[in-house]
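First up is the structure itself, then whatever we jot down about it.
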Amino acid sequence: MIDILGVQMDLALAELAIAALGGASGSLSEAVVTDLWQRLRSRFSRNDQAVAVLDARNSNDPAAVALLGEALRREAAADPEFRREMEEWLSLLAKPVGSTTNTVHGSQGLNAPGGTFNGEVHMSFGQSEQAR
């Protein structure tokens with residue numbers, strides 16, 4: 001039987017490893033990625049392989065991502081407080097950095113590929129207006 005929760009956690013920690021190596025691609029601000037990188041660099045200061053991977057910052061290297069993900073998994077399994085901290089970092093990955101809302105008033109129509117919208121048009125990308 002497959003341990004779904006274990007697989008999900010492994011995937012989440014791999015995602016966190018990718019983010020720490022600079023592969024968050026807009027889902028985290030540069031300052032947050034730097035803070036995460038510094039936190040992990042400090043945590044793994046005695047793990048030469050993890051430090052080397054963090055210093056290389058190559059999120060496109062599957063071996064590097066796997067090594068850092070495994071180091072994260074081991075640390076999270078050994079230290080519940082560290083696991084909670086990593087879960088907090090992971091929650092940042094799930095949130096959009098910002099959102100853009102465009103409101104057009106008094107338009108005679110909005111032409112878009114495949115359709116024309118008449119009247120007031122509200123478009124929101126990212127966090128919904130109700131969630132603000």
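The values are calculated or read from the model by the stated rules, or taken from the named source; none is laboratory data. Because the structure is predicted, anything quoted here is derived from the model rather than measured. Glycine also receives a Cβ, built like all others from the backbone with ideal geometry; neighbour counts cover every protein chain displayed. With ligands, DNA and RNA removed, areas are computed over all heavy atoms of the protein, side chains included. Shrake-Rupley method; radii C 1.70, N 1.55, O 1.52, S 1.80 Å.
Counting only residues that are surrounded by 13 or more Cβ atoms within 10 Å (Cβ to Cβ) and either in a helix (DSSP H, G or I) or among the aliphatic types (A, V, I, L, M) (or both), segment 75-90 holds 9 of them.
Considering every residue within segment 97-109, establish whether at least one is at pLDDT 65 or above, open to solvent by 40 Å² or more (accessible area, probe 1.4 Å) and hydrophobic (A, V, I, L, M, F, W, C). No: segment 97-109 contains no residue that is at pLDDT 65 or above, open to solvent by 40 Å² or more (accessible area, probe 1.4 Å) and hydrophobic (A, V, I, L, M, F, W, C).
Can you find a residue in segment 21-28 that is of a type in the set (A, V, I, L, M, F, W, C), modelled with pLDDT of 80 or more and under 15 Å from the mean Cα position of the chain (by Cα)? Yes, the conditions are met somewhere in segment 21-28.
Given the structure, is Ala112 modelled with pLDDT of 90 or more and among the hydrophobic types (A, V, I, L, M, F, W, C)?
no
Here is a check on your reading of the model: is Leu5 open to solvent by 60 Å² or more (accessible area, probe 1.4 Å), modelled with pLDDT under 95 and closer than 20 Å to Ser91 by Cβ? When the stated conditions are applied, Leu5 passes them.
Quick check on Val65: is it within 19 Å of Gln8 (Cβ to Cβ), open to solvent by less than 30 Å² (accessible area, probe 1.4 Å) and at pLDDT 90 or above? Here the answer is yes, as Val65 does meet what is asked. Pairing each residue of segment 35-47 that is surrounded by 15 or more Cβ atoms within 10 Å (Cβ to Cβ) with any residue that is of a type in the set (Lys, Arg), provided the two are 6+ apart or on different chains, yields C-beta distances under 8 Å for Trp37/Arg57.
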